[in-house]
Amino acid sequence: MTEPLDAVAAIHNAFRRDMEGIDAAAFDSARGKPGLAPIVERFRFFNEVLVWHAKGEELGIFPALEAAVPSVAEAYERDHRALDVAFDALSAAVSAHDALETARATAAFKSHLDLHLDEEDAHLYRLVSERVPVPDQGKAVGIMSSTVPQERFVEVVAWIFPLMGHNDRENMTRIWQLVLPPPVFNRAKQLIQEAIGDDWAELTRRIPTGSCPQPSLLGPWLGIPQWVVLKRRLPSVRWWWILISAFGWGIQFPGMIPGLMLTRLLRQLGVPSCQ
Ligand SMILES: [Fe+2]
């Protein structure tokens, strides 16, 4: 069953894979192998995504964890600042056209990145999974994903999908299928297909993306923060929004009609939360 935190694991794996290729290219360049500069140059977009991701963790995940388990996240926030420094050192080395210094900088960056991501996966996100209430997990992941600029979404899809394995692609696509409005998800499907080429057949074998959305635990998780926001403006939006969210965005708006009817019925039956 796909869960919101699966998206974080998928992004972490993409970071590892990209940095592995960048570091290998920098090392081979330092040994005199030609033609690898475009691969090393990937570090610029890599770091843009890394900064969006770190900012998202600091705005969404870390405060949620702090409320449940104090004083854990601060060390990971310091790690983020150290990764900023690693990027500055790498950027300076590349600008100076110093192949040896560039290789040293990518090795240092990779070492720090791998350690940080491994510790987050094994420690920080385990605590999030175990100690942060499920509705707050969904809300935190929603805040985290909002830090990616919408106008860069096309580039992010083209970057991340080729870097992911089949399982991570499946998890990410299932999550997007549930959280994105249908027109946006349809566009995302086109971008994914362009990004992964022949692997599209495997993804559609795992997820028949043209089919109706299936109920899953992810839907209500994401429905809770949506409900928190919606009820401020639309008092008539009640708990049934979360129930309907179990079936995903695909039927959420048409699903409001049976939801309203259900609420009216429960009012007639005198259920207190529907009064
Ligand atoms: Fe992090």
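Can you tell me which residue is nearest to the ligand (Cβ to nearest atom) among those in the stretch 75-99 that are surrounded by fewer than 19 Cβ atoms within 10 Å (Cβ to Cβ) and within 25 Å of residue 225 (Cβ to Cβ)?
80
Give the residues of the stretch 26-49 that are among the aliphatic types (A, V, I, L, M) and in contact (Cβ under 8 Å) with a residue 60 or more places away in the chain, sorted by residue number. Lay out the reasoning, then the answer.
Applying the first criterion (among the aliphatic types (A, V, I, L, M)) to the stretch 26-49 yields 26, 30, 36-37, 39-40, 49.
Selection gives 26, 30, 40, 49.
Within the stretch 1-18, track down each residue that is among the acidic types (Asp, Glu) and not in a helix (DSSP H, G or I).
Within the stretch 1-18, 3 is the sole residue that qualifies.
Among what's in the stretch 122-142 and is among the small types (Gly, Ala, Ser) and in contact with a helix residue (DSSP H, G or I) (Cβ under 7 Å, 6 or more places away or on another chain), pick the residue that is nearest to the ligand (Cβ to nearest atom). Explain how you work it out, then say what you get.
So the first thing to find is which residues in the stretch 122-142 are among the small types (Gly, Ala, Ser), and the list is 122, 129, 138, 140, 142.
With in contact with a helix residue (DSSP H, G or I) (Cβ under 7 Å, 6 or more places away or on another chain) added as a condition, the list becomes 129, 138, 140, 142.
Details: 129: 15, 138: 19, 140: 13, 142: 17 Å.
For the stretch 122-142, the residue satisfying everything is 140.
Would the stretch 164-186 turn up any residue that is outside the structural domain of residue 17 (by TED's automatic domain parsing) and under 19 Å from residue 45 (Cα atoms)? Outline the logic, then answer.
Looking only at the stretch 164-186, we keep the residues that are outside the structural domain of residue 17 (by TED's automatic domain parsing), and these are 164-186.
From what is left, the residues that are under 19 Å from residue 45 (Cα atoms) are 164.
Yes, there is a match, as at least one residue in the stretch 164-186 is outside the structural domain of residue 17 (by TED's automatic domain parsing) and under 19 Å from residue 45 (Cα atoms).
Looking at 56, 21, 35, 60, which one is more than 16 Å from the ligand (Cβ to nearest atom) and either under 26 Å from residue 148 (Cβ atoms) or part of a helix (DSSP H, G or I) (or both)? Steps first, please.
Details: 56 fails: more than 16 Å from the ligand (Cβ to nearest atom); 35 fails: either under 26 Å from residue 148 (Cβ atoms) or part of a helix (DSSP H, G or I) (or both); 60 fails: more than 16 Å from the ligand (Cβ to nearest atom).
Among 56, 21, 35, 60, only 21 is more than 16 Å from the ligand (Cβ to nearest atom) and either under 26 Å from residue 148 (Cβ atoms) or part of a helix (DSSP H, G or I) (or both).
Within 16 Å of the ligand (Cβ to nearest atom), in contact (Cβ under 8 Å) with a residue 12 or more places away in the chain, surrounded by fewer than 19 Cβ atoms within 10 Å (Cβ to Cβ) and assigned to a helix (DSSP H, G or I): does that describe residue 119?
yes
From 150, 193, which residue is at pLDDT 95 or above and either in the same structural domain as residue 53 (by TED's automatic domain parsing) or under 30 Å from residue 39 (Cα atoms) (or both)? Walk me through how you get there before you give the answer.
Details: 150 fails: at pLDDT 95 or above.
Among 150, 193, only 193 is at pLDDT 95 or above and either in the same structural domain as residue 53 (by TED's automatic domain parsing) or under 30 Å from residue 39 (Cα atoms) (or both).
The values are calculated or read from the model by the stated rules, or taken from the named source; none is laboratory data. The structure presented is a predicted model; accordingly, all values stated were derived computationally and were not measured. FYI the Cβ positions are ideal-geometry reconstructions off the backbone, even for glycines, and counts take in every protein chain you see.
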